[in-house]
Every structure is written in structure tokens, then in C-alpha cells.
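Here is the structure we will look at, set down as C-alpha cells.
The values are calculated or read from the model by the stated rules, or taken from the named source; none is laboratory data. Just so it is clear, the model here is predicted, and its values are computed rather than measured. For neighbour counting, all protein chains shown are included, and Cβ atoms are generated from backbone atoms with ideal geometry for every residue, glycine included. The accessibility values were calculated without ligands, DNA or RNA, using every heavy atom of the protein model including side chains. Shrake-Rupley method; radii C 1.70, N 1.55, O 1.52, S 1.80 Å.
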Amino acid sequence: MAIKAHVSVPGTTANCGPGFDSVGIACTIYNHIELELVEQGNCTVTVSGEGEDNIPVDDRNIAVKAVRAVFDRVKCSNYGISLKMDNNIPLARGLGSSAAAIVGGLVAANQATGNQLTKQDLFEIATAIEGHPDNVAPAIFGGITISLTKERKPHCMRFIPPNKLVMVVAVPEFTLSTHKARQVLPSNIPFQDAVFNVGRTAMLIGALCSGEYQHLRYALEDKLHQPFRQSLIPGMKEVFDAAIQCGAYGAALSGAGPCLISYTDKNTDEIGVAMTSAFAQAGIKAKYLVLNIDQQGAVVIK
Ligand code: HSE
């Protein structure tokens, strides 16, 4: 049995417009988690990079919770935990930082305790911790994922699109918790809005599977969450418009936001500059990232 594990885990973008709580994409930005099993009763956490000043370094840490969830599952609770987190994924921005922490903790703990759990087992534990499957699925499986939950059990399909697709992400300086971004959502929506999203989600998956990205412009439209979250993200519509004017296929909120993401296969820097300039005009300082689709999901480095 290994007692140390080093895991790399990708950031993710969820929803992808209309696919609320279902569609997700793994992105080529990574956090690293190193777990060492130590003497029972100890729990030390160090964080470097993103979140180093505000991520809890005790039992409240979500990666620690994930490690303990694996210990409970494999009945291996006679260890303490030493965890090192080295983060590149911006925190509370809609790029799956909490999913990465959960999945990183789960995969590292599974490796350190002898790989007794399958990826599907880890997916089920991760979904139970996170509350929805759309970020944890791509963090585990890589690629583009479609997830749903039936009788509390999450199911996932994964695929890689046939043609190059690049994501240009505008990352504003301010943070937005998923909790706050879910509080603005309505409990009911009109039937016509549900129909609107069904068509867009079907076309989104068709466009991504076939590589016919010209359909993304309309397939990324949404009436379930983006209209309600727009008030939390100054300049959202203008940033989308700026990306499309520079040649992006389409744009959407990344997860619960506040990152805004556009999909393209060209003009990446031009699109990034246009998106951040549009944010600046709304008084929001932002940077941009150019990310590809990660195909592997979380991997054990050693
Ligand atoms: N589907 C989730 C939401 C993603 O939009 O609230 C955030 O993690």
C-alpha cells in the first residue's frame, strides 16, 4: 500500500450555456495535491498559489473532507493526513476550484489506500459532496461530460470533440460563491423557457459531438440561469458580444460565474483582449486565459 500520492486535477467549466447542472468540460489548468498518510490524529494542510490566504487549513478544508470520505468508504480511518495543495485554478470564479479540491482529495486518498475504488465510485462520492455532478464529472473523467443524477446515483457520458475547440476565459478580479449564484435562481420557470433550453442543450451536444461549431452561437443560449445571474456580473452581455464580434462561435457564463467563457478555434488573443476590455468598460478588472480541453481528468503523478 502506498502512503503518499501526488495528483494533478484539471479545472472545469460547467453548464456551457443551457446545460445547467449537466454539461461540463475539463480545461487545461491544473491544481496539484500531494497527500501523505501520517500518524493518526494529525491533520496538516499547506496551500500555495490560488487561495493561499483564504482556503481553510484544517478539517474544514474540502480536500480533507474528500480524503476522509475515502477513508470511511474503504474502512481505513487509522491514519492522519498531511496535504499540500498547489493551486492554479482561480478560486470562486466558476472554473471548478472546489470540484478540483474534492476530486484531487478523493483520487489521492484512493491511490494512497491501495486503489480500492473505481472512477465511478469516486464520481458518486464527489457528487454527494459537491451537490451536483457537472464540475466533478469532467474533473474525474476529462473531456466533455454529460451528467445526470437518478435516485441519487450520478451517471456520466464523456466524449472528445472531433475538431479543435479552444476556450477563452475572461477572469474578473471579484469572486462569486456558487451558493450566492444559486440563491438568485427561481424555483419555477415557464414551460416555454424549458422548451427553449431543451432545444439549445440538444443542439449544444450535437454541435460539440460533430464539430459543427457554427451552431454554438444559438446553442449556448439559456433561460434557466444566465438571465438571473446577469445582475451579479456587470458587463456580462457586453463581454459576450465582444467575443462574438472578434470571431468566437459563442459565449456563456462559466459555471456559476463570474468567469465568462467563449468558444473558438481562432483569434484567441484578440478575443481575450476584447472580453477583458468590455469588462473594463463596466468597471471590472479582468485577465484572460486561453485553455484547451483536458482529455484525461485527474491523474496520479506518483
Ligand atoms: N451547475 C452549477 C451552477 C455549477 O450553475 O450552479 C457551479 O458549480
Relative frequency of Cα-Cα separations exceeding 21 Å in the stretch 104-251, percent = 58
Diffusion constant of the stretch 78-147 at 20 °C, which comes from Stokes-Einstein with the Kirkwood Cα-pair radius and 1.002 mPa s, µm²/s | 168
Length-normalised contact order for the chain - Cα pairs under 8 Å, 6+ apart - percent = 25
Can you give the calculated 222 nm mean residue ellipticity of the chain, where each DSSP H run of n ≥ 4 adds -39,500 (n - 2.57) and the sum is split over every residue, rounded to the nearest 500 deg cm²/dmol?
-> -10000 deg cm²/dmol
Can you list the equivalent-ellipsoid semi-axes of the stretch 166-291, largest first and in whole Å, using the square root of 5 times each Cα gyration tensor eigenvalue?
-> 22, 20, 11
Between LYS75 and LYS4, what length in nm is gained on full extension when 0.36 nm per residue of separation is reduced by their alpha carbon distance?
-> 23.8 nm
Where does the stretch 56-103 land on the Kirkwood hydrodynamic radius, alpha-carbon pairs, in angstrom?
-> 11.8
The stretch 251-276 and the stretch 88-117: distance between their alpha carbon centers, rounded to Å | 25
For LYS75, which lysines qualify as cross-link partners when the Cα separation must be under 26 Å and same-chain residues fewer than eight apart are set aside?
-> LYS4, LYS65, LYS84, LYS119, LYS153, LYS302
The stretch 1-20 to the stretch 129-167: how many Å between their Cα centroids?
-> 10
Report in % the part of the accessible area of the chain that belongs to carbon and sulfur, leaving out ligands and nucleic acids; probe 1.4 Å.
-> 51
Computed magnitude of the charge dipole of the chain (debye, nearest 20; Cβ of K, R +1, Cβ of D, E -1) | 440
Estimated FRET transfer efficiency (SER210, ASN115; beta-carbon r; R0 35 Å; 0.05) = 0.45
Using DSSP to define loop residues, name the GluC sites (Glu not before Pro) in the stretch 31-74 whose beta-carbon has at most 13 other beta-carbon atoms within 10 Å.
-> GLU39
What are the DSSP H helices in the chain that stretch 24 Å or more along their long axis, judged by alpha-carbon atoms, and whose average Kyte-Doolittle hydropathy comes to at least 0.5?
-> 191-210
Rounded to the nearest 5, what % of the DSSP beta bridges within the chain are antiparallel ones?
-> 85
Give the residue from PRO186, ILE261, VAL273 lying farthest towards the positive end of the charge dipole for the stretch 166-291; charges sit on Cβ (+1 for Lys and Arg, -1 for Asp and Glu) and the dipole is referred to the Cα centre.
-> PRO186
Taking a temperature of 4 °C and a viscosity of 1.567 mPa s, what whole-number D in µm²/s does Stokes-Einstein yield for the chain with Rh from Kirkwood over alpha carbon pairs?
-> 67
Could you give the dipole magnitude of the stretch 166-291 about its Cα centre, charging the beta-carbon of Lys and Arg +1 and that of Asp and Glu -1, in debye to the nearest 20?
-> 340
The stretch 1-148: relative contact order from alpha carbon pairs under 8 Å, six or more residues apart, as a whole percent, is 35
Taking LYS164 as the anchor, which lysines have their alpha carbon closer than 22 Å to its alpha carbon, excluding any fewer than eight residues away along the same chain?
-> LYS266
